[in-house]
1. Which pairs turn up if I take residues in segment 20-42 that are among the β-branched types (Val, Ile, Thr) and look for partners that are in a loop (DSSP other than H, G, I, E, B) with beta carbon separation below 6 Å, at least 6 apart in sequence or on another chain?
2. When segment 129-151 is examined, which residues are found to be farther than 19 Å from PRO41 by Cβ and either assigned to a loop (DSSP other than H, G, I, E, B) or in the same structural domain as THR15 (by TED's automatic domain parsing) (or both)?
3. Would you point out which residue out of THR78, THR126 is at pLDDT 95 or above, in contact with a Leu (Cβ under 9 Å, 6 or more places away or on another chain), within 26 Å of ASP183 (Cβ to Cβ) and assigned by TED's automatic domain parsing to the domain that holds ALA209?
4. Quick test for you: out of ALA234, ALA187, pick the one residue that is at pLDDT below 90 and exposed (fewer than 13 other Cβ atoms within 10 Å of the Cβ).
5. Do we have any residue at all in segment 99-111 that's among the hydroxyl-bearing types (Ser, Thr, Tyr), farther than 15 Å from VAL144 by Cβ and in the same structural domain as ARG127 (by TED's automatic domain parsing)?
6. Answer yes or no: is there a residue in segment 226-243 that is closer than 23 Å to LEU99 by Cα and of a type outside the set (Lys, Arg).
7. If we keep just the residues of segment 36-58 that are touching an Asp or Glu at 6+ places or on another chain (Cβ under 9 Å) and β-branched (Val, Ile, Thr), which is surrounded by the fewest Cβ atoms within 10 Å (Cβ to Cβ)?
8. Count, please, the residues in segment 104-141 that happen to be crowded, with 18+ Cβ neighbours inside 10 Å and of a type in the set (Gly, Ala, Ser).
Amino acid sequence: MRILVVNPNTTRSMTDKAVEAARAVAAAGTKIVAATARMGPASIEGHYDGALAVPGLLSEIAVAQGIDAAVIACFDDTGLDAARSLAHFPVVGLCESALVTAGFLARRFTVVTTLERSRVLLEDLTRRYGFGGRVRVRAADIPVLELEDPASGALSKLRRQIEIALVEDGAEAIVLGCAGMADLAHALQQQYGVPVIDGVSAAVKQAEALVAQRLTTSKRGSYVTPLAKTYEGALAEFSPIGR
């Protein structure tokens with residue numbers, strides 16, 4: 001099978017990190033195909049960035065060929081509902097996949113994300129996905145792009161929040177709340193002795209499971225194909241007419 005890993009921001013090094021994590025867990029018969037948004041923000045931190053990242057994400061979904069499933073490589077699940085409406089293959093997000101995976105392993109767990117503005121957004125997602133009573137979200141005060149810089153101190157900040165979560169939250173597992181943390185999960189799991197879930201890895205395995213079961217997104221109701229209509233201005237190319 002072929003799984004598309006789409007980075008909805010424009011930073012290619014973050015795409016590379018997500019793809020490396022995806023390939024590390026993919027089954028022998030799975031090919032990981034990488035895509036990076038060609039328009040939008042360099043990183044996604046909060047609602048404004050997320051909204052402006054959606055067109056670039058959808059552009060990559062629209063042109064994908066020979067794909068069996070897609071993973072949106074942003075823990076905010078940026079544009080997930082829109083992508084599911086557009087795509088003819090299943091699309092999964094990091095947050096939803098990571099929470100479901102953590103729920104198999106622990107009763108109480110903590111998501112450690114980057115900035116405070118992301119914490120609030122992720123709290124909303126945990127409630128939407130039905131995990132509000134089981135999960136705490138903490139922000140480590142790390143701008144996303146600092147995860148690319150070993151000298152930034154980002155790893156120390158992340159570790160500090162994990163240690164607080166284990167003591168104060170009674171966390172039985174940790175979820176890493178940013179695709180840029182994908183390369184850290186294994187080492188942190190060894191260090192702290194609890195499951196540490198990376199959203200990229202979780203999403204790839206969820207995508208494989210859907211394809212293996214020959215399941216795809218329902219086109220009845222919420223994710224029905226968009227109605228044909230004209231879009232004006234800079235968004236004209238996104239018109240559902242002719243799709």
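1. Matching pairs, first to second residue: THR30/MET1; ILE32/ALA26.
2. Listed by number, the residues that qualify are TYR129, GLY130, PHE131, GLY132, GLY133, ARG134, ALA140, ASP141, PRO150, ALA151.
3. Testing whether each residue is at pLDDT 95 or above, in contact with a Leu (Cβ under 9 Å, 6 or more places away or on another chain), within 26 Å of ASP183 (Cβ to Cβ) and assigned by TED's automatic domain parsing to the domain that holds ALA209 leaves just THR78.
4. Details: ALA187 fails: at pLDDT below 90.
Within the list ALA234, ALA187, the selection yields ALA234.
5. First, pick out the residues of segment 99-111 that are among the hydroxyl-bearing types (Ser, Thr, Tyr): 101, 110.
From what is left, the residues that are farther than 15 Å from VAL144 by Cβ are 101, 110.
Filter again for in the same structural domain as ARG127 (by TED's automatic domain parsing), leaving 101, 110.
Yes, segment 99-111 has at least one match.
6. no
7. THR36
8. Qualifying residue count, segment 104-141: 4.
The values are calculated or read from the model by the stated rules, or taken from the named source; none is laboratory data. In this text, all values refer to a predicted model and were calculated from it rather than measured experimentally. With ideal geometry, Cβ positions are generated from the backbone for all residues, glycine too; neighbour counts draw on all protein chains shown.
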